[in-house]
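Before any comments, here is the structure.
The values are calculated or read from the model by the stated rules, or taken from the named source; none is laboratory data. This is a predicted model, so every value here is computed, not measured. As a convention, Cβ positions derive from the backbone with ideal geometry for all residues, glycine included, and neighbour counts pool all protein chains shown. Heads up: the accessible areas ignore ligands, DNA and RNA and are worked out on the full protein's heavy atoms, side chains in. Shrake-Rupley method; radii C 1.70, N 1.55, O 1.52, S 1.80 Å.
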Amino acid sequence: MWKRALREATVRQPWSTITSKSWSSASPPSISAAVDTLLLRSLKEHYLQVSKTNPPPKVNPPPAFSIIKGALDADGPVLIRTYGNEEIKLSIMRMAYIAPGDGESDENDEDMNQFFLHVDVSKPGQDKSLHFLCGLYTDALGIHSVSLRPKLDGADFLDDTTTYSGPHFVELDERMRDAFHGFIEERGVNENLFNFLQAWLYLKEHRSLVRWFKTVGTYINENRPAKNS
């Protein structure tokens, strides 16, 4: 599977295999050059492997939403739409990144297919927006919290830890919970977003990983000590 190939690319050659067997008696400059060479070779191999990986089939977002320009190369919202005089922006991240497992095994498909969905509903002339933190799954969407936050650009609202996030959603009475679910469902926020956001996130992770291997390799190569130093 495409996502599993990305994970395997980063663990196929454990960094613990970098030892001093072949240069234990070498001079410090020689050790540095040998380490750089080994690291650059490994980065190049992983870069080539990941760059050849085929992405998942293209999936279009639900008709009411459009992709925000430059979203693949930024950490902010992914989708945007209008509803009456409201502007609705959606951001996505994996739950596995926020609540990692015990590290004894790779993430399974279920862990990697659970997302946090941030829903930001703003109105013109208002200095605050209504923010929903939701859990998005293949067949369901659940609300974790509802808060009123200052309007922020890009991914800044994801980093806002000073604003009261509201009561625990499960502590609200059933009628209010149902009303909040109806509020976002009326604006097209439901499990039908899952397929697009899943494919989009895989593509973003792929691009980010390819860029990481390339930029780290470039940095190390450009800062290697001169051979005659």
ask   = Trp212: accessible area at probe 1.4 Å, nearest 10 Å²?
value = 120 Å²
remark   = The computed P(r) of region 167-206 puts the percent of Cα pairs beyond 17 Å at 51 percent
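Using heavy-atom solvent-accessible surface (probe 1.4 Å) with all chains present, what is the largest-first order of Tyr137, Tyr219, Tyr202?
Of Tyr137, Tyr219, Tyr202, the descending order of accessible area is Tyr219, Tyr137, Tyr202.
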key: FRET efficiency, 1/(1 + (r/R0)^6) with R0 30 Å, evaluated for Lys69 and Lys44 via beta carbons   = 0.40
key: Residue-span extension gain [Glu186 to Asp139] - 0.36 nm each, minus C-alpha spacing   = 15.2 nm
Lys52 paired with Arg177, simple spin-label distance in nm, labels 7 Å along Cα-to-beta-carbon = 5.1 nm
³J(HN,Hα) computed for each position of region 37-50 - Karplus, 6.51 cos²θ - 1.76 cosθ + 1.60, integer Hz, glycine/proline x = 4, 5, 5, 4, 5, 5, 4, 5, 4, 5, 4, 5, 5, 5
query = To the nearest 10 square angstrom, what accessible area does Ile220 show with a 1.4 Å probe?
reply = 30 Å²
task = Could you rank Arg187, Arg211 by how accessible they are, 1.4 Å probe, largest area first?
result = Arg211, Arg187
